[in-house]
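Working notes, beginning with the structure itself.
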Amino acid sequence: MTNVKDNQRKYYNAFNLVDGIGPLTFKKLLSYFSSLKEAWLADANQFIKAGLNNSLIEQIKIKRQKIDPDSEMGKLEKEGIDLITIEDKNYPKLLKEIYNPPACLYCRGKFDRSDEFSLGIVGARKLSSYGRQITPALTADLTRAGLTIVSGLAKGIDTLAHRAALLANGRTIAVLGSGPDKKSIYPRENQYLAEKISQQGIVLSEFPLGVSALAPHFPQRNRIISGLSLGVLIVEASKKSGALITAKEALEQNREVFAVPGPIFSQNSFGPNNLIKMGAKLVTEANDILEDLNLNLLTEIKRKDILADNQEESLILKQLSFEPLHIDKIIFQAKLPANIVNSLLTMMEIRGKVKNLGGNNYVLAR
């Protein structure tokens, strides 16, 4: 469920269609105006007071004459694409923590609670037989352990990681450097793979419909891959590989960086081997990652949706995640009487649905 009204969402999309508007501009608009609808109708003086420069204001004035917010939302609906904004309740928590989180996420597929445990896997487009062998093996083990695999749908390592996650009946998220619509999928040969991912995970982008895959888009895409993840695994990367940009983003976002070592005479080993020298965790098996992230239990317990026995339980479960939430907030957010929440939480803990971490802080039971 989301909590941004549709009339606000359509203005998120409308502003995102204006060249030059990114996360920082959205922050300025949201800080100055009471709503994005008000911002969309604003004059130049108001935009100046909001901190926008003259060239961007001109772009807004030009595009505003051509963009019908309602019609543009209709196009998203026709493509089967959901728009999640940074104000929405189902916006990924980890991604929201980064310095410049995207204001808009265009999604084919739905986020799941299990996506809170995600790992980015990226690497060389021109992979070796070594990379072709190690990537599916590691990915399958990590997927079976319960991790959602995040990658960039690129040729090579990314493609292998997505496919291995699907084959292991796990979840995978593909982050695009293009628009989310089928015609904009890049590379073209991965259109079918993208369709499979959308059925078993999510295909997402911060770029609106019709945006081509341009070189400057991929560093932006990489920060989302790492931002969605607890850590990033690098499998084969040359000295100038885009995978190293993802590793850099991960470090800046305080995420863990993992690397698979390779033969010292291979160009594709330069990136991982150098990362290991700089302190990245050396990985030879899935448990190296699970232990470092303190997720060992995921190898024994596959997370499943927890079913509610009644409507009140359903309301409580919707408030909970794997992050502790105090009972007072549960009562407030679920809009239920305190005595009912107390009673139900006790029964739900007995049935293994929730866990009290102490101090009346509750989480979902894994």
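The values are calculated or read from the model by the stated rules, or taken from the named source; none is laboratory data. This is a predicted model, so every value here is computed, not measured. Note that each Cβ is placed from the backbone with ideal geometry, even for glycine, and that neighbours are counted across all protein chains shown.
Here are some notes:
- Those residues of the range 137-162 which are on the phi > 0 side of the Ramachandran plot and modelled with pLDDT under 95, in sequence order: Gly146
- Qualifying strands (runs of 3 or more DSSP E) (wholly inside the range 115-208; at least 3 residues being under 13 Å from the mean Cα position of the chain (by Cα) and farther than 22 Å from Lys239 by Cβ): 148-151, 172-175, 202-205
- Apart from one condition, Arg144 fits all of (1) within 19 Å of Gly242 (Cβ to Cβ); (2) in contact with a Ser or Thr (Cβ under 9 Å, 6 or more places away or on another chain); (3) of a type in the set (Lys, Arg); the exception is (1).
- Residues satisfying the stated conditions in the range 221-246, i.e. under 18 Å from the mean Cα position of the chain (by Cα), in contact (Cβ under 8 Å) with a residue 60 or more places away in the chain and assigned to a helix (DSSP H, G or I): Arg221, Asn222, Arg223, Ile224, Ile225, Ser226, Gly227, Ala243, Thr246
Residues checked against (1) out of contact with any Pro (no Cβ under 9 Å at 6 or more places or on another chain); (2) among the hydroxyl-bearing types (Ser, Thr, Tyr); (3) free of Cβ contacts under 8 Å to residues at least 24 places away in the same chain:
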site: Tyr106; (1), (2), (3): no, yes, no
site: Lys110; (1), (2), (3): yes, no, no
site: Thr139; (1), (2), (3): yes, yes, no
site: Ile149; (1), (2), (3): yes, no, no
site: Leu166; (1), (2), (3): yes, no, no
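- Unmet criterion (only one of (1) crowded, with 16+ Cβ neighbours inside 10 Å; (2) closer than 28 Å to Asn100 by Cα) for Ala286: (2)
- Subset of the range 247-281 [assigned to a strand (DSSP E or B) and within 20 Å of Ala140 (Cβ to Cβ)]: Phe258, Ala259, Lys281
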